[in-house]
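Colleague: Submitted below is the structure of interest, expressed as structure tokens.
Only the coordinates and a few stated rules stand behind these numbers; no lab work does. Just so it is clear, the model here is predicted, and its values are computed rather than measured. Cβ atoms come from the backbone with ideal geometry, glycine included; neighbour counts cover every protein chain shown.
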């Protein structure tokens, strides 16, 4: 799907993810179904097919979805800001943000990510591995991560801080992989377990998490995303490498390797002609 020149792929958005819209439709069905007269035999069949724990979990999920839908109705009642014609490009600061690859790589990719977004996980486990092999490890691309934890993911903000805390011990990228591998995430106990498996100094790691010293940075990344009209994860900005700022075209969603390959190749310098 293309919107104003921006290529859109599977993406988690502020409010409801694509899967949550399907659940929202289920909410409507259940609401209607609950108000209908259900034959006793059919009710018995339903009761035998689901445990009380499963029923409670479904009801809790439906309650959360209903609350999100109510919030969306409030937000949609407000006038939407105008969308600029240049919204297919963005410029963001990457100063002091985690980077993978050569500092002087000709192309930089900025990724806005959420560690509980299923599409971020899918991208990390598929396309990112191929891009690392072909572009990052070969010195052609520098990869920079900015955080965009979405409101419907309760552990994403703390997970982002955990990655930065691990970065103090040169384990940012290892923690990032552990977070995606184990998503959906648990609470603080899970983060402690990931740190132990990575061989982190446990006291330093726990002190870092308790201090909340990276939450301000995480929130500033989210504000930067809002400033350039990025509302979902994963979203990428691909541009020529600069010192502190990157300006380039947006790619929204978990795009295929071919999409990234084409966008990166357009920015790579032309190979010099061989001379005899």
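Colleague: Neighbour counts of other C-beta atoms within 10 Å: give me 96, 221, 137 arranged from fewest to most.
Modeller: Numbers: 96 8, 221 21, 137 13.
The fewest-first ordering by Cβ neighbours comes to 96, 137, 221.
Colleague: A further question on this structure: Any chance you could get the radius of gyration and Dmax over the Cα atoms of the range 164-205, in Å?
Modeller: Calculated on Cα positions, Rg and Dmax stand at 9.3, 25 Å.
Colleague: Further, regarding this structure: So what's the projected area for the range 183-226, the Cα convex hull averaged over all directions, in nm²? The partial results should precede the final answer.
Modeller: Values: hull surface 15.6 nm².
Its Cα hull, projected and averaged over all orientations, spans 3.9 nm².
Colleague: Here is a follow-up. So if I take the centroid of the Cα atoms in the range 128-167 and the same for the range 208-239, what is the distance between those two points in Å?
Modeller: Using only Cα atoms to place each centre, the spacing works out to 11 Å.
Colleague: Order these by the 10 Å Cβ neighbour count, fewest first: 110, 145.
Modeller: On the way: 110 26, 145 22.
Lowest count first: 145, 110.
Colleague: Over the alpha carbons of the range 107-150, what is the largest minus smallest coordinate on each principal axis, giving the biggest first in Å?
Modeller: Principal extents (largest minus smallest coordinate, Cα): 32, 19, 9 Å.
Colleague: Turning to a different aspect of this structure: With the contact rule set at Cα under 8 Å and sequence spacing of 6 or more, what percent relative contact order holds for the range 89-267? The partial results should precede the final answer.
Modeller: Values: 298 pairs, mean separation 63.6, N = 179.
In percent, rounded to a whole number, it is 36.
Colleague: Over all Cα pairs of the range 194-254, how is the pair count split among 10 Å bins, expressed in % and running from 0 up to the last occupied bin?
Modeller: 17, 32, 26, 24, 0
Colleague: Distances over 25 Å make up what percent of all Cα-Cα pairs in the range 89-267?
Modeller: Details: 4534 of 15931 pairs.
Of the Cα pairs, 28 percent sit more than 25 Å apart.
Colleague: Just rank 240, 121, fewest to most, by other beta-carbon atoms within 10 angstrom. Please report the intermediate quantities before stating the final value.
Modeller: On the way: 240 14, 121 21.
Ascending number of Cβ neighbours within 10 Å: 240, 121.
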